[in-house]
Amino acid sequence: MKKIVLALVVMFVVTSTYAQTREELMAEQAAKKDSVAAIQARVNALQSQIDAFPGWKKGAFGTIGGSISEYDNWYAKGVANSSTGNIGFTVNAYANLDKPKFFWRNSGNINLSWVKLDDKDDPSDSDKFEEANDVFTITSLYGYKLSPKFAISGLGEYRTTILNNFNDPGYLDLGVGATWTPITDMVVVVHPLNYNFVFSKGDAVFESSLGAKIVVDYTKQLGPISFKTNLSAFASYESSDYSNWTWTNSFGYTLWKKIGVGFDLGLRKNKQEALNYALGNVEAGDPTPTFDNIDNDLQTYWMLGLNYSF
């Protein structure tokens, strides 16, 4: 009986000591977490002050996504013996100079991807990766400040594809007007005098024209989050058939060191591109595609994958 009582006493003491030690460790951990949060808040405040100084600000982040799969005798699938794959990447980079009297903002965006579907039972089927997404854009904006938030500005923007049909078509916007910077890292460009040069190889579908250019760009890097959204629109004075707009969005969240997850989404409306595509895919007996009878469907792409911040 004495041994049982002694054993119970020992167990009670050990349990009490463990509970007390665990509570003490949790309390110490909570205090350290509070300290880390306070330190991070001070670091963020200092970074905000550093970012407020005029001068060059440079940065880049990108997303890499991909998958590979193979099927053998998978009869539930339409193509029972096949291999599929897709791979792609996006890079967003910027270099901005901010001075008391002027600013110069430069940015670039590349989005490339490849896909394949190889039917092993079809000898004529291609087993190579084919180009899918193909986006290349560079922009340069210079502004002379009339006030801290308003400036007269000049913009140059070039857009094309680089994997297939480089500069066919290619779009070069050159124009002047005004730029508004309502908040830090956000730019709104309105250029009522802009010429949209369209380059193509012997195809009368694409036409250059005079019009208005509107660009809205917001780029932000806050702690582990990298975000960029850009809307670029051209409204032709000659014909709405020559107008176009592109809206791209990139989001990255760093999970470990500089590696995290990223998501990209792009939207576009371009009637000249829609007509060019329709003419290249017209079937016998169908009416000849024109600006009046084609469907100018919304063009989209998206990609989810690993993200790396430079």
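The values are calculated or read from the model by the stated rules, or taken from the named source; none is laboratory data. Quick caveat: nothing in here was measured; it's all calculated off a predicted structure. FYI the Cβ positions are ideal-geometry reconstructions off the backbone, even for glycines, and counts take in every protein chain you see.
For the structure I just gave you, tell me whether TYR158 is in the same structural domain as GLN272 (by TED's automatic domain parsing), modelled with pLDDT of 90 or more, buried (at least 17 other Cβ atoms within 10 Å of the Cβ) and aromatic (Phe, Trp, Tyr). Yes, satisfied.
Regarding ASP168, is this residue without any contact (Cβ under 8 Å) to a residue 60 or more places away in the chain, in the same structural domain as LYS269 (by TED's automatic domain parsing), out of contact with any Leu (no Cβ under 9 Å at 6 or more places or on another chain) and among the acidic types (Asp, Glu)?
Numbers: without any contact (Cβ under 8 Å) to a residue 60 or more places away in the chain: yes; in the same structural domain as LYS269 (by TED's automatic domain parsing): yes; out of contact with any Leu (no Cβ under 9 Å at 6 or more places or on another chain): yes; among the acidic types (Asp, Glu): yes.
Yes; evaluated as a whole, the condition is true for this residue.
Scanning region 141-155 for residues that are surrounded by 19 or more Cβ atoms within 10 Å (Cβ to Cβ), farther than 20 Å from TRP247 by Cβ and either in contact (Cβ under 8 Å) with a residue 40 or more places away in the chain or not assigned by TED's automatic domain parsing to the domain that holds LEU112 (or both) gives GLY143, ALA151. Checking each residue in region 222-245 for being closer than 19 Å to PHE89 by Cβ and buried (at least 19 other Cβ atoms within 10 Å of the Cβ) picks out SER226, LYS228, ASN230.
The set of residues in region 268-294 being under 30 Å from the mean Cα position of the chain (by Cα), outside any helix (DSSP H, G or I) and modelled with pLDDT under 85 consists of ASN281 alone. The C-beta contact set for region 234-252 (first residue without any contact (Cβ under 8 Å) to a residue 60 or more places away in the chain and among the hydroxyl-bearing types (Ser, Thr, Tyr), second residue surrounded by fewer than 20 Cβ atoms within 10 Å (Cβ to Cβ) and in a loop (DSSP other than H, G, I, E, B), distance under 6 angstrom, 6+ apart or interchain) comprises TYR242/GLU207.
Could you check region 216-255 and list, in sequence order, the residues that are of a type in the set (Asp, Glu) and either not assigned by TED's automatic domain parsing to the domain that holds ASP297 or not in a loop (DSSP other than H, G, I, E, B) (or both)?
First, pick out the residues of region 216-255 that are of a type in the set (Asp, Glu): 217, 238, 241.
Within region 216-255, ASP217, ASP241 qualify.
When LYS213, LYS258 are checked against the criterion of being of a type in the set (Lys, Arg), in the same structural domain as THR161 (by TED's automatic domain parsing), in contact with a strand residue (DSSP E or B) (Cβ under 7 Å, 6 or more places away or on another chain) and crowded, with 18+ Cβ neighbours inside 10 Å, LYS213 stands alone in meeting it. For region 169-190, enumerate the residues that are buried (at least 19 other Cβ atoms within 10 Å of the Cβ), within 27 Å of ASP134 (Cβ to Cβ) and not small (Gly, Ala, Ser). Scanning region 169-190 gives PRO169, TYR171, ASP173, VAL187, VAL189. So which residues in region 215-235 are among the small types (Gly, Ala, Ser) and closer than 19 Å to THR160 by Cα, if there are any at all? Matches in region 215-235: SER232, ALA233, ALA235. Taking the residues in region 146-200 that are of a type in the set (A, V, I, L, M) and in a loop (DSSP other than H, G, I, E, B) as candidates, determine which candidate is farthest from VAL216 (Cα to Cα). For region 146-200, the residue satisfying everything is LEU163. Beta carbons closer than 6 Å, at least 6 apart along the sequence or on distinct chains, never pair a first residue in region 283-308 that is assigned by TED's automatic domain parsing to the domain that holds ILE64 and among the aliphatic types (A, V, I, L, M) with a second that is part of a loop (DSSP other than H, G, I, E, B) and at pLDDT 85 or above.
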